[in-house]
Amino acid sequence: MVNIELELISDVNLDQAFCILARTLATGRRTHRAGAWRSKPVQRHLQHARTHLDLLAGGSEGEDHLAHAACRLLMALELRERTTKTLAAGPTPAEAAADSDQMPLFAGVAPIRQT
């Protein structure tokens, strides 16, 4: 982390917010299969977050919609970062093998020259 990031973090006390997020995630584990959130696309988490924010804005008091939206946004952020790191690292051995299975189709074909 850069010094300015550390300075900004120390400026905000997030202890209470993290406790609320942890409590919300713990409650979710009772109703959802552990780790199931990882199999959903980022867009799905964003849709759920938006729904919770809309319910909050509309005055719904059924659950802590702000906490649920925050959890969904954190899930989306984690998945985005994980995807970005995976793409930057290159294909997995299984993906490379699958790609190489396709190569015979193009064997002997000269590459297109850019002019």
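Of the residues making up segment 54-61, one or more are modelled with pLDDT under 95 and of a type outside the set (A, V, I, L, M). Scanning segment 76-96 turns up no residue that is in contact with a Phe, Trp or Tyr (Cβ under 7 Å, 6 or more places away or on another chain) and either at pLDDT 70 or above or of a type in the set (Asp, Glu) (or both).
The values are calculated or read from the model by the stated rules, or taken from the named source; none is laboratory data. Just so you know, these numbers come straight off a predicted model, no measurement behind them. We place every Cβ from the backbone using ideal geometry, glycine too, and count neighbours over all the protein chains shown.
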